[in-house]
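Chemist: Here's a structure for you.
None of the figures in this text is laboratory data; all of them are computed from the coordinates on show. Since this is a predicted model, take the numbers as computed values, not measurements. Don't worry about glycine lacking a Cβ; one is built from the backbone with ideal geometry, like all the others, and counts go over all protein chains shown.
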Amino acid sequence: MGICFEEKRKIFKLDTDKTTYLIGLSPEGYVGHIYYGSRLVHPAGNSLLRMEEDPRTPSVNDREKGTFLDKFPMEYPTGGIGDYRESCLNVRDVHGCPGCELRYVSHRIYKGKEKLEGLPASFGVEEEVETLVITCADEVLGLTAELSYSAFAKENIITRSVRITNNGQQPFELEKVYSACLDMDNQDFEMISLHGAWARERHIQQGQLKYGKQLVSSLRGDSSHQEHPFFALVTPGTTQRQGEVYAMNFVYSGNFIAQAERTQYDTVRMVLGIHPENFGWHLEPGESFQSPEAVLTYSDEGLGRMTRSYHDFYRNHLIRSKYTHQKRPILINNWEATYFNFDTEKLVEIARQAKECGIEMLVMDDGWFGKRSFDDSSLGDWTVNEEKLPGGLSYLADQINALGMKLGIWFEPECISPDSDLYRAHPDWALQIPGRDATKSRCQYVLDFSRKEVRDYAYECVAKVLRGANIEYVKWDMNRQLSDMGSACLAADRMKELFHRNVLGVYEVQERLVTEFPDLLLENCSGGGARFDPGMLYYSPQIWCSDNTDAIERLMIQEGTALMYPLSAMGAHVSTCPNHAVGRTTPFATRGHVALAGTFGYELDITKLDPQEKAQIPEQVALYHKYNDLVREGDYYRLASWRENHRYDCWAVAAKDQSEILVTYVQVLAETKMQSRRIRLEGLAADGLYELEGTGCRCYGEELMKAGFLAPVFHGDFASGLYHFVRVE
Ligand code: DGJ
């Protein structure tokens, strides 16, 4: 188990409980990829590197290395020397010439995992993870590349990152630094990725991998609504339960590229990293650059196992918050209730009625500061608007606390309104290109978080509020994507660093926040779900999933999000109908059932709610308290997808000890002449006897998993049911 090096054959073997990853060295010291797949007891040989086949390795054929390099399965390919597939590392020397060639120098293997400086990254203690660092060098540049691999045995995850150091005498420019590469033979692969838009995030798409390059990416400065830093290659016919899956997810919240390339030899190269467009990093002698982390997993039991590996991994080894494994307070957020139009009296009345229904926290959203009564002013002026909130935040907090409720608050620390005192005082604090009108989006600019004084200001604004009133939750929002990438403080030859420096700046400020306020419940958000990524999960245990709160639209958004992110992290609320985003009317119960698959809360004006709907809130609150431990900690199974069958949706969460399972079934569209649907469960003990709660009906796990249970037909669209099976024997 763990990681070992076989000196004789020069093979590194990285084992997890169910997978093996093999790396081999060529005689010249090229670091090659031998195998990633299901667990091997005896390591395969390095003959799989095909060094004996033409075109042969340079030291064997004693000839040119060109064709060899364009075929050899590289662990970390470099550009400019003859491998024409996508490279992971492009460097330009002091003369302006490209080219870098990495050869093995040494390695070290240790138990545990070191932190990545300035970046979010997974963690684990010595019993949980082992790390291999292969040091390679390019002697001409004086460049050292440390390729890090950490094997998390139980979760079947391998993380990768790279650290580049200038050990030479001259500076050089990094033009591209990816985090991971996987060279494999093609297996008729299909590629799965996530696409979307504002209020339509993370829809799953799948298609045949053709010759050439297929990619998803972001150049928007965030991980984006539109595409997502995740992709998987799957063998034909892969389902939730069967098929081979190779997946990569990126612990990063800025520009990315996730690309699969099918080559002339019918091999496939998967790469993942920071997008090279608008990226560059200048390294003086002695300086280093650390790449973000890629999270790889392999499953030979379909997408289901991939999903559960990621869920366990993120819950146990990435999300640090003390709330990760705790039931969060049920919140009511006033955004869809009031938008900008609220005052203390209104908020207190919402809180009072919410409290009566069992809700535990009021979150005051956008509009409490400066002179903000619409989205066109005051970002940056984080002082309370006393016209709306006389007595300020501490008075409001006292009022809310006196009701027995907690108070949460909204911020957008990374942005600045042109109509703000901050902008009038510091126009150069906004990202902008000299001589150009900066592009406004949602009437705002983005602060230059590469600058320390700007970060300090933003941090102090948030911290001062939290120090001054009893506020227990922050929703950290970011409502636009980045443009006008110029900084008043970066030298011309460093300007290409700005996108990445901004991401690092956001991480730094959030790190300070969770360090000074360890008890704070932080929820990240970005115009809905534009930054729902592993990078942000390192700082906040939950992220707002989407501004689309329609229960039916949420089915696909939450299915895509849950493909790798645990339900415990998915911000999900019950809102009013007709839904503000799509105008659809759905049963209140269905809205509750869908939101129960996330953090659960409300986003509506409870003072105006239909009494019949309001009467259901205490019932939903009770369901949350009853099921949240299971939903938060259990194993998630996707049983049917409306995306595929166009009629109904179904998922389940099973307890890890197989003692219970909660099934959520949504009949999206009603049909005539329909009989009940047979749903086959997963994650149960075959010989366990289970009772469907409330019915007295008992079945063995084997029957439920092989033959299934019958989900009843409902009259009407958008109806749903919860089915709780409890093991009785
Ligand atoms: C976008 C968020 O997703 C919404 O929930 C809300 O907080 C608005 N921003 C406020 O501007």
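Chemist: Along the charge dipole of the chain, pointing to its positive end and built from +1/-1 on Cβ of Lys, Arg, Asp and Glu, which listed residue (Pro236, Asn278, Gly32) has its Cα farthest out?
Modeler: Pro236
Chemist: Restricting things to Cα coordinates, could you compute the convex hull volume per residue of the stretch 331-633 in Å³? Write down the numbers at each step before the final one.
Modeler: Numbers: hull volume 38.9 nm³, N = 303.
Dividing the Cα hull volume of the stretch 331-633 by its residue count gives 128 Å³.
Chemist: Peptides 37-44, 100-107: what's the order by average Cβ count within 10 Å, highest mean first? Walk me through the numbers before you get to the answer.
Modeler: On the way: 37-44: 13.1, 100-107: 18.4.
Per-residue Cβ counts within 10 Å, averaged per peptide and sorted highest first, yield 100-107, 37-44.
Chemist: Also, I was wondering about something else. DSSP loop (so not H, G, I, E, B), at most 16 other Cβ within 10 Å: list which trypsin sites (Lys or Arg not before Pro) in the stretch 355-425 pass both filters. Intermediate results must be reported in sequence, preceding the final value.
Modeler: On the way: sites: Lys355, Lys371, Arg372, Lys388, Lys406, Arg424; in loops: Lys371, Arg372, Lys388.
Sparse-neighbourhood loop trypsin sites (Lys or Arg not before Pro): Lys371.
Chemist: Please report the spacing between the Cα centers of the stretch 648-722 and the stretch 560-616 in Å, no decimals.
Modeler: Computed from Cα coordinates, the inter-centre distance equals 22 Å.
Chemist: Follow-up. Using a basic spin-label model with each label point 7 Å from the Cα along Cα→Cβ, how many nm lie between Ile433 and Asp375?
Modeler: Each label point lies 7 Å from its Cα, and together they span 2.4 nm.
Chemist: Which far-off residues, 5 or more places away or on another chain, put their amide H under 5 Å from the one on Gly688, with H placed in the peptide plane?
Modeler: Amide H to amide H, under 5 Å and 5 or more residues apart or across chains, Gly688 pairs with Gly701, Glu702.
Chemist: I would also like to ask the following. Run the quick spin-label model on Ser441 and Asp629: label points 7 Å from Cα toward the beta carbon, then report their separation in nm to one decimal.
Modeler: A separation of 4.4 nm, rounded to one decimal place.
Chemist: Follow-up. Note down the net charge around Tyr149, summing +1 for each Lys or Arg and -1 for each Asp or Glu among other residues with Cβ under 13 Å from its Cβ.
Modeler: In short, -1.
Chemist: A further question on this structure: If I take all pairs of Cα atoms in the stretch 352-429, what percentage of them are more than 20 Å from each other? Intermediate results must be reported in sequence, preceding the final value.
Modeler: Numbers: 1216 of 3003 pairs.
Cα-Cα pairs in the stretch 352-429 separated by more than 20 Å: 40 percent.
Chemist: Same structure, new question: Beta carbons within 10 angstrom, averaged per residue: use that to sort the peptides 536-547, 441-452, highest first. Don't skip to the end; give the middle numbers.
Modeler: Details: 536-547: 25.9, 441-452: 21.3.
Top to bottom by mean Cβ count within 10 Å: 536-547, 441-452.
Chemist: Just in the stretch 655-720: which trypsin sites (Lys or Arg not before Pro) are loop by DSSP and have at most 10 other Cβ atoms within 10 Å?
Modeler: Details: sites: Lys656, Lys673, Arg677, Arg678, Arg680, Arg698, Lys706; in loops: Lys656, Lys673, Arg680.
In loop regions of the stretch 655-720 (DSSP not H, G, I, E or B), the sparsely surrounded trypsin sites (Lys or Arg not before Pro) are Lys673.
Chemist: Near the amide H of Asp477, under 5 Å away, which other amide H atoms are found, from residues 5 or more places off or on another chain, if H is placed in the peptide plane?
Modeler: Amide H to amide H, under 5 Å and 5 or more residues apart or across chains, Asp477 pairs with Phe411, Glu412.
Chemist: Any chance you could list the semi-axes, whole Å, largest first, of the equivalent ellipsoid that the Cα gyration tensor gives for the chain, using √(5λ)?
Modeler: Output for the chain: semi-axes of 43, 35, 20 Å.
Chemist: How long are the semi-axes of the equivalent ellipsoid of the stretch 75-310, defined as square roots of 5 times the Cα gyration tensor eigenvalues? Whole Å, largest first. Write down the numbers at each step before the final one.
Modeler: On the way: eigenvalues 168, 86, 61 Å².
In descending order, the three semi-axes are 29, 21, 17 Å.
Chemist: Arrange the following residues from fewest to most other Cβ atoms within 10 Å of their Cβ: Phe172, Phe374. The partial results should precede the final answer.
Modeler: Details: Phe172 24, Phe374 13.
The fewest-first ordering by Cβ neighbours comes to Phe374, Phe172.
Chemist: Please report Rg over Rh for the stretch 556-663, where both radii come from the alpha carbon positions and Rh follows the Kirkwood definition. Mind showing how you got there, number by number?
Modeler: Working: Rg = 14.3 Å, Rh = 14.8 Å.
Here Rg/Rh amounts to 0.97.
Chemist: With the crude spin-label approximation of a point 7 Å out along Cα→Cβ, what separation in nm comes out for Glu619 versus Asp687?
Modeler: About 4.0 nm, to one decimal.
Chemist: Oh, and also: Based only on other Cβ atoms within 10 Å, what is the fewest-to-most ordering of His33, His573, His203? It would help to have the intermediate numbers written out before the result.
Modeler: Working: His33 22, His573 25, His203 17.
Fewest-to-most Cβ neighbours within 10 Å comes out as His203, His33, His573.
Chemist: Using the crude model of +1 on Lys and Arg Cβ and -1 on Asp and Glu Cβ, and no other charge, please compute the dipole size for the chain relative to its Cα centre, in debye to 20.
Modeler: Working: 78 positive and 105 negative charges, 177 e Å.
For this selection, approximately 860 debye.
Chemist: For the chain, what is the mean residue ellipticity at 222 nm derived from helices alone (per DSSP H run of n ≥ 4: -39500 (n - 2.57); sum divided by total residues; nearest 500 deg cm²/dmol)? Intermediate values should be presented prior to the final figure.
Modeler: On the way: 16 runs with 147 residues, N = 729.
Roughly -5500 deg cm²/dmol at 222 nm, from the helical runs in the chain.
Chemist: Follow-up. With a cut-off of 11 Å, note down the residues of the stretch 451-491 whose backbone N falls inside the zone around a label point 7 Å from the Cα of Arg424 toward its beta carbon.
Modeler: Taking a point 7 Å out along Cα→Cβ of Arg424, no residue of the stretch 451-491 has its backbone N under 11 Å.
Chemist: If the only charges are +1 at each Lys and Arg Cβ and -1 at each Asp and Glu Cβ, what is the size of the charge dipole of the stretch 568-628 around the Cα centre, to the nearest 20 debye? Can you show the working numbers first?
Modeler: Details: 5 positive and 5 negative charges, 19 e Å.
That gives a dipole near 80 debye.
Chemist: Right, next: DSSP loop (so not H, G, I, E, B), at most 13 other Cβ within 10 Å: list which GluC sites (Glu not before Pro) in the stretch 363-464 pass both filters. Could the numbers behind the result be given before it?
Modeler: Working: sites: Glu386, Glu387, Glu414, Glu453, Glu460; in loops: Glu386, Glu387, Glu414.
Of the GluC sites (Glu not before Pro), the ones in loops of the stretch 363-464 whose Cβ has at most 13 other Cβ atoms within 10 Å are Glu386, Glu387.
Chemist: Still on this structure, please answer the following. Whole number please: convex hull volume per residue of the Cα set in the stretch 1-105, in Å³?
Modeler: Working: hull volume 12.5 nm³, N = 105.
Enclosed volume per residue, from the Cα hull, is 119 Å³.
Chemist: Between Phe289 and Asp70, what length comes free when the chain is fully extended (0.36 nm per residue of separation minus the Cα-Cα distance, one decimal in nm)? Working shown, then result.
Modeler: Details: separation 219, 0.36 × 219 = 78.84 nm, distance 2.65 nm.
That pair, Phe289 and Asp70, stretches by 76.2 nm at full extension.
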